[in-house]
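The values are calculated or read from the model by the stated rules, or taken from the named source; none is laboratory data. As the structure is a computational prediction, the values presented were derived from the model and not from experiment. Note that each Cβ is placed from the backbone with ideal geometry, even for glycine, and that neighbours are counted across all protein chains shown.
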Amino acid sequence: MASAAAAGAPPGPAAPPSAKSRKSVTGTRRAVAALFLLPALVLLGALVVYPIGYSLVRSFVADSGHGFAGTDNYKTLFVDDSIRTAFKNNVIWVVFAPTVSTALGLVFAVLTERVRWGTAFKLVVFMPMAISMLAAGIIFRLVYDQDPHKGVANAVWVGVHDTFAPSSAFPNAHPGRESPLVAQQGGFITRATVRTGQAVTLPLVGVAPDQMPDGAKRAVAAGPEPGKITGTTWQDFTRGKGVGRLGVPDPSELGYAGMRIEAVKDGRVVASTTAAGDGTFTLPASADGARLRLPASNFRQPYNGVSWLGPTLVTPAIIGAYVWMWAGFAMVLIAAGLAGVPRELLEAARVDGATEWQVFRKVTVPLLAPVLAVVTVTLMINVLKVFDLVYIIAPGSSQADANVLALELYRRGFAEDQPGVASAIAVLLLVLVIPVMAFNIRRLRREREVRR
């Protein structure tokens, strides 16, 4: 009976395995797991732990490498103007670059779901991610070139500007020898008054032949007309020594097509006209007794656009290049999160009368909040290390204004031979990254708890 009872009794707890046979969660012996992890741990220690420790120690050593510097290198971070500029620019980068990239990625991800060629559009937007930072920097160095004939940004900007405020075709024109014109308020005016029935000559020089207006024709001397004031304005210059006559249109000389002429009497414009292709013009009898003026608008210098890489706009311009590269990354991650959003919730909101904007703002965005947080945090960590774009795009004249901490670290460590200060900047970058990483880890833990 005792043996039967013993046989029917539930089995007791199994004996704990010996240390030699103990296994990990995956079923692998811990010794074997440690053996496989050893190469990764060695690399982690050599490439991460050791550099961090060495940089921390080196930040307290003098630049010469001999002697304890105390906190002098860290004091330099707060008193040096270039480092403070770099820190300020890093703050601008962290605030704007991830925000704009994530916002554009969200807009692209939502809109591409509603267009026929959405996949092709995503491919085009994501394509810059396949380009290295070096190549992107060279591309945007050309895009932001000051010359509108080279830089795409200024070509577009100048085109829009000239649509509303056309530039002059005669920016360098000026009176030559024995000219009847004198300078006045950026333009030119005749020395004497004119009368009806008089033919006036308004010769100018200074416009290169290849810069003459497209409608320019051979200059013609205007004949007098009763009750009117006639005249000619032209390029009074003929190539070749000893040829051409001053004050008289020669066969090879061109008229100033489109030149504006005003008749000014007692400080007031009483009549105005525009020269024809051959430079001739006609004014009515109301211009009798007036002085003829070529206003300053005829000689306005051409608009050359914006100095994108100047001290004022260099940082926003480089951030624009970064957004061009990383908006596709944000779009792909957000589109993946959007694919997992329950369509029933969106349809229910629409059935309840919500507009598309309300659905986007109150349903789509809250559901995508975890994905948006991942993208934003990833980009924030990325922009703290930005170096390539700033180094390549910013010209030498404005590189100090576009400076960031990673670039300043490079300059101090290699160009200026200040390894102590460079190590302090490296430690500062590590300290700046830690709060972002802590936030990311805390968010991941919260998500794990919610799933449980």
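Exactly one residue out of Thr193, Thr201, Thr233, Thr238 is part of a loop (DSSP other than H, G, I, E, B), touching a residue at least 24 places away in the same chain (Cβ under 8 Å) and β-branched (Val, Ile, Thr): that is Thr193. When Ala208, Ala219 are screened for being in the same structural domain as Arg293 (by TED's automatic domain parsing), among the small types (Gly, Ala, Ser) and within 27 Å of Asp288 (Cβ to Cβ), only Ala219 passes.
The sole residue among Val374, Val386 that is assigned to a helix (DSSP H, G or I) and of a type outside the set (Asp, Glu) is Val374. In summary, Arg141 fulfils each of the numbered conditions (1) touching a helix residue (DSSP H, G or I) at 6+ places or on another chain (Cβ under 6 Å); (2) among the charged types (D, E, K, R); (3) surrounded by fewer than 16 Cβ atoms within 10 Å (Cβ to Cβ) with the single exception of condition (3). Exactly one residue out of Leu309, Leu313, Leu294, Leu283 is within 27 Å of Val158 (Cβ to Cβ) and over 29 Å from the mean Cα position of the chain (by Cα), and it is Leu294. When the residues of segment 37-85 are filtered to those that are of a type in the set (Lys, Arg) and over 15 Å from Ala426 (Cβ atoms), the one that is surrounded by the fewest Cβ atoms within 10 Å (Cβ to Cβ) is Lys75. Only one of the numbered conditions (1) aliphatic (A, V, I, L, M); (2) over 17 Å from Asp63 (Cα atoms); (3) assigned to a helix (DSSP H, G or I) is not met by Val427, and that is (2).
Can Arg412 be described as at pLDDT 90 or above, assigned to a helix (DSSP H, G or I), basic (Lys, Arg) and in the same structural domain as Arg141 (by TED's automatic domain parsing)? Yes; evaluated as a whole, the condition is true for this residue.
Name the single residue that is nearest to the chain's Cα centre (by Cα) among those in segment 204-230 being surrounded by 19 or more Cβ atoms within 10 Å (Cβ to Cβ) and either assigned to a loop (DSSP other than H, G, I, E, B) or not hydroxyl-bearing (Ser, Thr, Tyr) (or both).
Val207
Quick one: is Ala354 assigned to a loop (DSSP other than H, G, I, E, B), free of Cβ contacts under 8 Å to residues at least 12 places away in the same chain and more than 26 Å from Gly255 (Cβ to Cβ)? Considered against the rule, which asks whether it is assigned to a loop (DSSP other than H, G, I, E, B), free of Cβ contacts under 8 Å to residues at least 12 places away in the same chain and more than 26 Å from Gly255 (Cβ to Cβ), Ala354 comes out as yes. Restricted to segment 337-393, and to residues there that are within 30 Å of Thr315 (Cβ to Cβ) and charged (D, E, K, R), the residue that is surrounded by the most Cβ atoms within 10 Å (Cβ to Cβ) is Asp388.
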